[in-house]
Every structure is written in structure tokens, then in C-alpha cells.
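The values are calculated or read from the model by the stated rules, or taken from the named source; none is laboratory data. Keep in mind that what you see is a predicted model, and the values were worked out from it rather than measured. A quick note on method: Cβ atoms are made from the backbone with ideal geometry, for glycine too, and the neighbour counts reach across all protein chains shown.
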Amino acid sequence: MLIRRFSAIAILIAGATVTFGMTPTPAGASTCGDLCVHVGKTQHYSGQPARRGGGNGNGGGGKAAPLPCPGAVNCNALGAGNAPAAVQRVPTIDVAYDARARLFLPAPHVHTSPAGKTYVQLKTGLWVDPDDFAHEEASATLFGTTVTAVADPQDITWNMGESSTTCMTAGSRTGTACGYTYQRSSADQPNGKYAISVTVTWKIYWTCEGDCDADRGYFPDRTTSMRTDDTLAVGEVQTESRPG
């Protein structure tokens with residue numbers, strides 16, 4: 001008498017028996033021979049193929065039939081032999097532009113001494129707030145690439161309406177670090193004042209740490225600037241002469 005049993009593999013998964021194959025097997029016979037480890041009444045695949053004669057009846061031995069992957073219904077589904085997916089990488093310059101977009105560069109706050117009005121032939125002190133002429137940086141990180149955009153102040157150009165001067169520092173109230181001396185009054189200017197502008201120029205570059213294709217570099221426009229407009233009245237120094 002034959003009963004239907006599964007002869008190839010039986011796998012116990014989470015308390016349920018999953019079987020493969022539909023070859024009829026005599027009752028009471030082992031369904032998978034050396035391929036099984038017997039636990040209670042359930043047969044489990046042992047992972048060691050049995051040596052069996054696979055000849056044509058003439059006594060010649062044959063190779064054992066290929067076995068499916070242990071624990072998998074479809075060996076191809078495991079992706080055996082496939083190379084691992086490549087780690088995603090982005091060009092460093094792309095991350096650099098992201099860092100630059102986060103970089104804050106302040107507009108200069110303009111100060112003169114005397115404030116509001118100065119005079120011909122008087123050296124006028126010029127300065128901006130210290131934070132307006134300072135090192136700035138900002139960083140961005142993507143897929144293991146960290147780029148820092150850096151801005152280093154280079155100079156300040158003061159367009160005084162009459163002429164201009166360039167200073168290499170933030171300046172000071174005394175005018176010793178940065179100053180300007182007017183030669184003409186602003187009496188003939190709109191509203192009786194000179195229109196002035198102050199422009200701070202920074203050198204911009206980036207540095208990279210982590211997964212980088214370069215350690216540092218420059219943006220196509222290596223400098224950037226911020227400008228503030230203002231006005232300044234310039235008067236004549238009045239002198240009195242008395243008859244001798």
C-alpha cells in the first residue's frame with residue numbers, strides 16, 4: 001500500500017512543516033533518508049546530501065541530484081553570486097554648493113566719525129562692525145561627504161561719492177586704520193549730501209572631509225560681496241577774519 005509523502009525535503013519553520021516534492025513513498029519508510037534529522041515525528045533537512053547510486057541499473061553509480069538551497073524555496077531568489085550594490089556617491093562640488101547656500105554673509109553696518117556730517121580737509125574715520133568683516137563658514141553633509149564653505153574677508157571698498165578708498169580691515173573710529181579726507185563740500189549734491197556705498201569682498205572656497213573626490217577647491221566666482229548704501233553731508237569749515 002502506498003501513501004503520499006514528501007520525499008525530498010521537510011523544513012520546520014515557526015512550528016509548521018513545509019515540504020517539497022510529491023514522490024509516493026511506501027508507508028513507514030523514511031521520506032528523505034540521510035537528508036533528514038529526526039525530531040519527534042517530523043523530519044528536518046540536515047543539509048548533508050546522501051550518497052546514492054544514480055545509475056541505470058547496471059551497477060554504475062551516478063551523481064546525487066542537485067539540492068535546493070537550505071531554507072529557500074527558490075535559490076535564484078537569494079541573488080547568490082550577485083555583487084553588492086555600489087555605495088551611492090555624489091560629486092563633492094554638489095555638496096559644496098549646498099554648503100555655500102547655507103553661508104551667511106552680513107551686509108556691512110556703516111559708521112563714520114564724525115557721524116552724519118563731516119568737513120572738507122578733515123580726515124573722516126570709516127569703519128564697519130567687526131562681525132561684518134570676519135571669517136564665516138557653513139557645512140553640509142550627504143552620503144558620508146562633509147563639505148565646509150568658507151568665506152574670508154579680503155577688503156572693504158568705500159565709495160565716498162567724491163572718490164573712493166579701499167581698506168584691508170574693518171576700520172576704526174579714529175580713522176587711523178581706514179579714513180577719507182574730502183576736498184569739496186556736498187552743497188551741490190542731491191539733498192546736500194554725498195551718496196556713499198560700502199562693499200565688503202570675501203574670498204570663497206570649500207574644504208571636504210570623508211568620501212571626497214577632492215580635499216578642497218574654489219567656486220567659479222572666487223569672490224563675493226555685500227554692499228550698503230548711505231549718505232554723508234560734507235560742509236565747509238568757516239573761518240572768521242577780523243580787521244587788524
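A few remarks follow.
- Residues that are of a type in the set (Asp, Glu) and either touching a residue at least 40 places away in the same chain (Cβ under 8 Å) or in contact with a His (Cβ under 8 Å, 6 or more places away or on another chain) (or both), drawn from segment 187-242: Glu209, Asp211, Asp213, Asp230, Glu236
Listed here are the residues, each with its yes/no results for (1) under 38 Å from the mean Cα position of the chain (by Cα); (2) closer than 16 Å to Thr224 by Cβ; (3) among the β-branched types (Val, Ile, Thr).
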residue: Ile93; (1), (2), (3): yes, no, yes
residue: Thr141; (1), (2), (3): yes, no, yes
residue: Thr146; (1), (2), (3): yes, no, yes
residue: Asp152; (1), (2), (3): yes, yes, no
residue: Thr165; (1), (2), (3): no, no, yes
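- One residue stands out among those in segment 112-161 that are of a type in the set (A, V, I, L, M, F, W, C) and touching an Asp or Glu at 6+ places or on another chain (Cβ under 8 Å): the one that is surrounded by the most Cβ atoms within 10 Å (Cβ to Cβ), which is Val147.
- Test for Ala50: is it of a type in the set (A, V, I, L, M), assigned to a loop (DSSP other than H, G, I, E, B), modelled with pLDDT under 50 and touching an Asp or Glu at 6+ places or on another chain (Cβ under 7 Å): yes
Residue-wise test of (1) modelled with pLDDT under 95; (2) over 24 Å from the mean Cα position of the chain (by Cα); (3) under 30 Å from Val147 (Cα atoms).
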site	(1), (2), (3)
Pro68	yes, yes, no
Val73	yes, yes, no
Ala77	yes, yes, no
Gly81	yes, yes, no
Ala86	yes, no, yes
Asp98	no, no, yes
Pro114	yes, yes, no
Leu126	no, yes, no
Asp129	no, yes, yes
